[in-house]
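Laboratory data are not the source of any read-out in this text; all were calculated from the coordinates shown. Predicted model, so just to flag it, every value in this text is computed and none were measured. Using ideal geometry, Cβ is built from the backbone for each residue, glycine included, and neighbour counts are taken over all protein chains shown.
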Amino acid sequence: MTFTSARSRLLSAACLCLFFSLTFSATTRATIQYEVHLDHPEKHLFQVTMTIPDVPGEVLVRMPAWNALYQKETWRIKGTGIIKISYSTYWDEAGPFASQLNAEHAFINPAMILFYVPERRSENVKLSIPNPPDDWRAESSSSGAFESMGGARSFFFEAPSYDALADGPIEVGKFEEFQLTGLRPAVWVVVHGDNWKKKQVEGDLKRICQYELKLMEGAPFERYTFILHVGKGAGGGGMEHANSTAMHRWIPWTIRGSNTVAPFGLPKA
Ligand SMILES: [Zn+2]
């Protein structure tokens with residue numbers, strides 16, 4: 001992932017509050033899985049359970065050094081079979097480089113809240129968000145699914161590796177979503193906020209995408225997602241990922257004459 005604009009204030013306010021609980025089990029499942037619970041948005045605590053299968057007596061888990069936020073946060077856990085690690089992490093910071101859980105939404109940069117196993121970074125991973133608030137939806141550039149069984153709802157995401165999962169921010173909340181027409185590969189737009197007009201956002205992004213697709217003579221992705229936060233409380237900045245971009249603007253949406261356009265190298269109209 002690459003930074004596309006300098007971040008301003010930032011993660012000093014964020015804090016990692018870890019309360020580990022470990023359980024062991026003898027059964028085996030192949031894939032490392034994460035459950036992210038959003039039970040009390042007002043507390044800004046993501047409650048995460050990480051399940052690591054096939055542990056051969058000991059496993060190292062680590063939190064990524066996201067922007068040097070965490071340094072050498074490594075734990076060595078002894079056990080065999082399936083190990084489950086449960087912890088809570090506090091995030092209430094707006095913007096594309098941060099994560100936030102509040103009554104409005106959950107915006108997740110997975111590298112900020114998910115441990116990984118250094119030796120198993122290249123294995124496929126699954127993430128689920130069980131029992132989200134009733135009227136919230138979820139979107140990310142990772143392949144997603146929604147399931148509703150007997151009144152219990154869950155969102156599921158899957159990625160071919162931890163790095164791929166980490167490189168796709170996840171938005172959960174009440175947002176609008178639409179596809180940009182006439183573009184191949186498909187480009188989707190998720191907008192959370194106020195102070196924006198669909199016609200304008202659609203027109204601006206479509207123009208950028210058409211220009212870039214022509215410049216690059218195609219696209220190195222099968223599907224692309226813009227996650228936009230616009231208006232009050234949105235924070236500011238932009239961050240490009242492999243299959244998505246997160247843009248946050250606390251002022252009304254406008255692209256001309258603003259640095260929002262800088263990452264894309266769009267020529268002046
Ligand atoms: Zn949001």
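In straight-distance terms, cross-link reach from K43 covers every one of the lysines whose alpha-carbon lies under 21 Å from its own, apart from those fewer than eight places away in the same chain; here that gives K174, K232. Footprinting exposure proxy ranking of I82, I32, I208, fewest other C-beta atoms within 10 angstrom first, gives I82, I208, I32.
By definition, a body whose alpha carbon gyration tensor gives a ≥ b ≥ c is oblate when a/c is 1.5 or more and a/b is not larger than b/c, and region 101-229 fits this oblate description. When Y34, Y90 are sorted by how many other C-beta atoms sit within 10 angstrom of their C-beta, beginning with the fewest, the order is Y90, Y34.
Let me make sure I get this right: for region 176-265, a, b and c are the square roots of the gyration tensor eigenvalues over alpha carbons, sorted descending. Under 1.5 in a/c it's rounded, otherwise prolate if a/b > b/c, else oblate. Which is it? Provide the component values of the computation, followed by the final result.
On the way: a/c = 1.72, a/b = 1.56, b/c = 1.10.
Prolate, because a/c is 1.5 or more and a/b exceeds b/c.
By the rule of a C-alpha distance below 21 Å, with chain neighbours fewer than 8 residues away ignored, the lysines paired with K206 are K197, K198, K214, K268.
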